[in-house]
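The values are calculated or read from the model by the stated rules, or taken from the named source; none is laboratory data. These numbers come from a predicted model, not from an experiment. Methodologically, a virtual Cβ is constructed for each residue, glycine included, from the backbone with ideal geometry; neighbour enumeration extends over all protein chains shown. The protein model used for the area step is the full one, side chains on, heavy atoms only, and it has no ligands, DNA or RNA in it. Shrake-Rupley method; radii C 1.70, N 1.55, O 1.52, S 1.80 Å.
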Amino acid sequence: MFGITGSLAAPWWTGEPAPLAERSLLCLPYAGGGPQTYRGWGELLGPSVEVLAMTPPGRGRRFSEEPCHDLPSLLTPLVDALPRIPQRPYVLFGHSLGATVAYELCLEIRRRGLPMPQGLVVSARQAPGLPWRFRPVSKLPDEEFTEALRELGGTPEAVLTQPDLMSLLLPALRADFAIVESYRHRDEPPLDLPILALAGTEDDRATAAQMAGWAGRTTASFALHEIRGGHFFVDARAGDVTGLVSDFL
């Protein structure tokens with residue numbers, strides 16, 4: 001297996017050093033999110049797990065880079081950034097948009113014949129192939145787009161009410177939602193790896209029933225668990241999420 005610690009990984013993957021780790025957990029953020037969601041997960045999961053989080057172009061230390069507006073433009077450099085250095089087994093974790101990216105990343109890794117992850121955790125994302133039931137927002141005027149973010153939650157009110165700050169963040173936010181809205185699932189053979197699906201009990205964007213279809217995306221084991229909370233339970237219930245992920249690992 002390869003680890004994500006070499007120069008080829010920069011600037012995509014970052015994490016705290018974990019010299020005693022036996023495996024890596026690669027975490028992909030939700031729309032508008034970044035690696036900050038996964039800070040502290042290393043402590044929650046313990047020294048045997050190296051937690052690495054993706055920083056997409058257009059945010060954080062990559063703020064000056066052009067954001068990706070569709071999945072292919074994100075996937076190609078992301079897979080290229082996986083160094084071919086034999087090191088640790090790894091598992092992918094993705095929340096919301098990150099779950100779609102993680103799943104498609106598995107497919108692209110398989111197409112290229114690269115070492116596959118040992119498992120996939122999909123969180124707060126309906127199964128591939130289900131129709132998208134929500135109105136497009138990525139091209140709305142700034143005020144309407146900001147209100148759509150407020151309705152979805154996940155973006156602090158203190159950020160939404162600062163016009164200067166929002167003007168800096170809007171390009172990356174719009175780009176992420178453009179990826180969500182343009183994504184079209186292409187039917188491919190199921191993956192041969194275990195999948196764990198996590199659904200929020202109050203999440204109407206990805207209910208347990210809508211996530212149950214992930215079972216058809218693997219020929220290996222599948223488990224579905226509900227976690228108390230809405231769409232952003234990954235932030236509010238990090239202990240519950242990492243507990244289930246730890247059992248899965």
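Relative to its residue count, the range 32-86 spans a Cα convex hull of 108 Å³ per residue.
Determine the dipole magnitude for the chain: charges of +1 sit on the beta-carbon of Lys and Arg, -1 on that of Asp and Glu, nothing else is charged, the reference point is the Cα centre, and the result goes in debye to the nearest 20.
Numbers: 22 positive and 29 negative charges, 131 e Å.
It comes to approximately 640 debye.
When shorter helices are ignored and each DSSP H run of at least 4 residues is given -39500 (n - 2.57), the per-residue value for the chain at 222 nm works out to -10000 deg cm²/dmol. Charges were assigned to the Cβ only: +1 to each Lys and Arg, -1 to each Asp and Glu. The resulting dipole of the range 104-249 about its Cα centre is roughly 600 debye.
Measuring with a 1.4 angstrom probe and ignoring ligands and nucleic acids, C68 comes out at about 20 Å² accessible. Ellipsoid semi-axes for the range 47-204, based on the Cα gyration tensor and the rule √(5λ), read 29, 19, 16 Å when sorted largest first.
Every Cα-Cα pair of the range 128-238 was included, and the share exceeding 20 Å stands at 53 percent. DSSP beta bridges confined to the range 120-226 are antiparallel in about 0 percent of cases. For the range 154-211, report the % of Cα-Cα distances exceeding 15 Å. The share of Cα pairs beyond 15 Å in the range 154-211 comes to 72 percent.
Rolling a 1.4 Å probe over the protein heavy atoms gives the chain an accessible area of 45 Å² per residue. How large a share of the accessible area of the range 45-183, in percent, is made up of carbon and sulfur atoms when the probe is 1.4 Å and the other protein chains stay in place? After summing per-atom areas, the C and S share lands at 59 percent.
Could you sort 169-182, 130-143 so that the peptide with the highest average Cβ count within 10 Å comes first and the rest follow in order? Don't skip to the end; give the middle numbers.
On the way: 169-182: 19.6, 130-143: 11.7.
Top to bottom by mean Cβ count within 10 Å: 169-182, 130-143.
May I ask you to rank T219, T14, T242 by accessible area, largest first, using a 1.4 Å probe over the protein chains only? The partial results should precede the final answer.
On the way: T219 95, T14 50, T242 5 Å².
Highest to lowest solvent-accessible surface, that is T219, T14, T242.
Label the range 188-227 by shape, choosing from rounded, prolate and oblate, from the square roots a ≥ b ≥ c of the eigenvalues of the Cα gyration tensor; if a/c is under 1.5 it is rounded, and otherwise prolate applies when a/b is larger than b/c, oblate when it is not. The shape class here is prolate.
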